[in-house]
1. Kindly evaluate F146 against the criterion of being under 29 Å from D438 (Cα atoms) and either surrounded by fewer than 23 Cβ atoms within 10 Å (Cβ to Cβ) or in contact (Cβ under 8 Å) with a residue 60 or more places away in the chain (or both).
2. Evaluate the following for L377: is it in contact with an Asp or Glu (Cβ under 9 Å, 6 or more places away or on another chain), crowded, with 21+ Cβ neighbours inside 10 Å, assigned to a helix (DSSP H, G or I) and aliphatic (A, V, I, L, M)?
3. Those residues that are farther than 16 Å from L147 by Cβ and open to solvent by 10 Å² or more (accessible area, probe 1.4 Å), I need them from the range 193-211; list them, please.
4. Evaluate the range 119-140: report whether one residue or more is within 22 Å of the chain's Cα centre (by Cα), among the hydroxyl-bearing types (S, T, Y) and under 19 Å from A214 (Cα atoms).
5. Of everything in the range 51-88, what is touching a residue at least 40 places away in the same chain (Cβ under 8 Å), assigned to a helix (DSSP H, G or I) and closer than 30 Å to I172 by Cα? Give them in sequence order.
6. Residues that are closer than 25 Å to P168 by Cβ: find the strands (runs of 3 or more DSSP E) completely inside the range 211-316 holding 1 or more of those.
7. Looking at the range 351-366 only, could you name the residues that are open to solvent by less than 10 Å² (accessible area, probe 1.4 Å) and either without any contact (Cβ under 8 Å) to a residue 24 or more places away in the chain or part of a loop (DSSP other than H, G, I, E, B) (or both)?
8. Applying the selection to the range 137-164, what residues are part of a loop (DSSP other than H, G, I, E, B), of a type in the set (D, E, K, R) and at pLDDT 95 or above?
Amino acid sequence: MAKFTRGNLILKLSIILLIILFQAESISIDTFRAKEIVRQEFKRIFEQYMDHAFPHDLLLPLNCKWKDLYGANAMTLIDNLDSLIIFGEKATFQNALGRLKELSLPNFKMDVHVNCFESNIRFMGGLLSAHLQAKNLTIENYSDYFLKKAEELGTRLLPAFQTPTLIPFGSINLLSGVDADESKRTSLASAGTHTLEWGMLSKLTSNPIYYHKARQAIDSLWKRKTKDGLLAKEINIFTGIWSNDQAGIGINSDSFYEYLLKSGVMYNDHGLLQMFQESIKVIDQYLRVNRVWFRNVNVYKTNLQHFFFSSLMAFWPGVELLSGRDKIAQDMVIHYYQIWRLYGGLPEIYQLYPNSLIERYAIYYLRPELIESIYYLYLKNHDPWYVLIAKDILYGLLKLNKAKCGFASRHLYNHKSINDMDSFFLSETLKYLYLIFDQDNFINKGNYIFTTEAHYLPVLPKFDTEKYFDLKKNDISLLYKKPENNSCINKGSSFDPLENEKKKLTWKRCKRNKPFREKLSIMGLDFVENKHSEYSGINALRGYSNNYGIKINFS
């Protein structure tokens, strides 16, 4: 049982009293029943997606219609293939494979402009996890279909890394490459959230280039930290100069730090672990306020820029837990859950001092970060209080967000429903809730690390970081594969970015008619951070320790 200070014990008891007084129905649900409710809701939504939206990307919850972000590439299905296995739907997984093969989906030869970060965490992560489960369960007529699709996607994203700084473009056209007018700005999270997926892709395909390029991008970002060790939220990939002077742990930063720790552990990469340890010290010194809150500061002057809580920050307790700081993680979850209790969801942004909603950002988009952190804490401590608040959150979702075809996002000011349900509600929010209630699930007893989109990858028994990172220049040209149907290659240029730099050639610049552009951000931001928080892998990291002071010892 976790130990709490007297103050936190009082807070916990107060919250329990509030639940008993005002929402007693939520605690009357036993844990088995809660697990079954989550399973039934997942199955209901998945079937509605297949009936009303497939092969389009998203199901709209209020009118049962669909929405595309990737040109009808079955994003919700790809994002939830591994969820089917967690929920015990092997037959549905088999059927989904057949439907995808029949339509040759996902199709990465489309003339579609995509966000590299989202393509990686949703499609790449989903395909790799599905491939590993298909092999493990000996799915019929599989023939490595998902792995082949993952490798095709990796090949088509590689040109985004052909920049002077080796920091990738934020988006790319899957068919023609980087547009002539593509933005030269990308976020810290977008550029630095590839190592988990691309390392696994390198391992499974025996092609080192993927981990090499992802790791190179992190090194390039890291060497541009300020004298105080701060990394800003946005950078110019041509000049290597920070194009946004704010540092923080939320929007546009979050998953960068998550992947330093997780990838460092997964791939035995001590360089990444050292970066993580240094980052924690800098965050504690300049960003942390009153133990559980965080501010944005100017990266050059370290003075305050903004002080608010965002729903994406709720992933940070998971990072604290995995880095061995259990007590801080517990304190943070208690405070963040109190905001949830006030409004029946976490707003995108919540003003601190004075505490208040900001009407423009007072929307709950069904994000999973808080539930993810609750999952990690319960898995570690087995404190029934975390099950209680998970039931309370489930009850709130059923009462406030359940809709005709799924669950709807909601304004916290006027409580009006919004016709929006992202794929992460199934792949993360419901998945983490289910795992809290299903302690015998193979994930909870296994050896896995969750990506930032909650795709689970088995911990590798051995990974030769030197092989996958310290590539010599002459090796790289042999590893690049030229995408098909590519008519935008500059004369004399190579698919080897190092060769292009040597010849001082520009990389691909393509002009297209009627560009397809759809922002993947709900709020209109260029890069929506991770729902981040798949700090899963708690069991995977059991007993891990290293030379940098990070100790993860679970009983």
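The values are calculated or read from the model by the stated rules, or taken from the named source; none is laboratory data. Because the structure is predicted, anything quoted here is derived from the model rather than measured. Here Cβ is always computed from backbone atoms with ideal geometry, including for glycine, and neighbour counts include all displayed protein chains. Each accessible area value is taken on the protein alone, full model and side chains, heavy atoms only, with ligands, DNA and RNA left out. Shrake-Rupley method; radii C 1.70, N 1.55, O 1.52, S 1.80 Å.
1. For F146, the condition - under 29 Å from D438 (Cα atoms) and either surrounded by fewer than 23 Cβ atoms within 10 Å (Cβ to Cβ) or in contact (Cβ under 8 Å) with a residue 60 or more places away in the chain (or both) - is met.
2. When the stated conditions are applied, L377 passes them.
3. Hit for the range 193-211 is P208, nothing else.
4. yes
5. H52, M75, T76, I78, D79, L81, D82, S83
6. Strands (runs of 3 or more DSSP E) meeting the threshold: 234-236, 242-244, 296-298, 308-310.
7. L352, A362, L366
8. Within the range 137-164, D144 is the sole residue that qualifies.
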